[in-house]
Amino acid sequence: MKLIEVEMSSWEREKFEAMTGDFASKLSMTANINVTKLVEVINKNDIKFNAAFCFMVAKIANKDRHFRMAVNEKGNLAYYDYVNPVYVLDQKEVEGRYTTSWTTYKPNFSEFNRCYMSDLSTYTDSNSYFARTLPPNIVNISPNPWVSFTSFSIIWEKRLLSPTVLSGKKFNMNNDIMLPVSLQIDHLAADGYHLGLFFNELQKLADSCEEWIK
């Protein structure tokens, strides 16, 4: 894992100085993703939905450095060479409580899924808020399967450049299965344009799931 400092003279976004200090804004966008084909394929292959969803989000983040941003020890803008998906697991003993864990990102889904299932069996019974220490290079993923929301926002007390992705309760619309997904990120790391790219890529991955779920 490497933290690579951004060469500001060639950085395509010119907002770094304007968005540091007292000025800190967040971007939040919610969209419905058609997961009809994805649900069909994972059910056919006996794959957990969260494993596929974490892989999709991490794959997008590892393709676009705007979703891997951080500030290095010198206070300069930087990005990780790769990030791992961090997700939550319901605690079996207490309803409404969960454990936070993560899985090392693998670009091949079969390999990632094996790692995910191994981590699931190891940490799902943890009663701690963090099942294990989180690495710094992460993308935050959290399911909220109790409600089909149309908007979602988290208020952070301190600056956090890594994105947070929340999935909601699936619902039917015109015979399709839809999944509400919310993405929140610091404006220092990305613009609305990049959020749009994220959702477009997420839909493409859902539509092409037969190609990467093997």
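Taking neighbour counts of Cβ atoms within 10 Å as a proxy for exposure, in what order, fewest first, do 165, 86 appear?
Working: 165 26, 86 22.
Taking fewest neighbouring Cβ atoms as first place, the list is 86, 165.
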*Which entries in 44/204; 26/169; 2/44; 63/214 show an alpha-carbon gap greater than 27 Å?*
2/44
_Give me the dipole magnitude in Debye, nearest 20, for the stretch 131-211 about the Cα centre, with unit charges on the beta carbon: positive for Lys and Arg, negative for Asp and Glu._
380
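Under 8 Å for C-alpha pairs, at least 6 residues apart: give me the relative contact order for the stretch 126-174, rounded to a whole percent.
On the way: 38 pairs, mean separation 23.2, N = 49.
Relative contact order of the stretch 126-174: 47 percent.
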*Where does helix 192-207 land angle-wise versus the long Cα axis of the chain, in degrees 0 to 90, nearest 10?*
20
*Run the dipole for the chain about the Cα centre, Lys and Arg Cβ at +1, Asp and Glu Cβ at -1, nothing else charged, and hand back the magnitude in debye, nearest 20.*
280
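Only counting other Cβ atoms within 10 Å, I'd like 110, 167, 9, 148 sorted with the fewest neighbours first.
Ordered from fewest to most neighbouring Cβ atoms within 10 Å, 110, 167, 9, 148 come out as 9, 110, 148, 167.
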*What residue among 149, 138, 101 has its Cα farthest toward the positive end of the dipole of the stretch 61-177, where the charges are +1 on Lys, Arg and -1 on Asp, Glu, each on the Cβ?*
138
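Add +1 for every Lys or Arg and -1 for every Asp or Glu among the other residues with Cβ under 12 Å from the Cβ of residue 56, and state the total. Each step should come with its number before you reach the end.
Details: positive: 59, 63, 204; negative: 201, 207.
Local charge sum for residue 56: +1.
Read-outs: derived from the displayed coordinates by stated rules, not from any lab. Remember, predicted model here, so these are calculated numbers, not experimental data. Don't worry about glycine lacking a Cβ; one is built from the backbone with ideal geometry, like all the others, and counts go over all protein chains shown.
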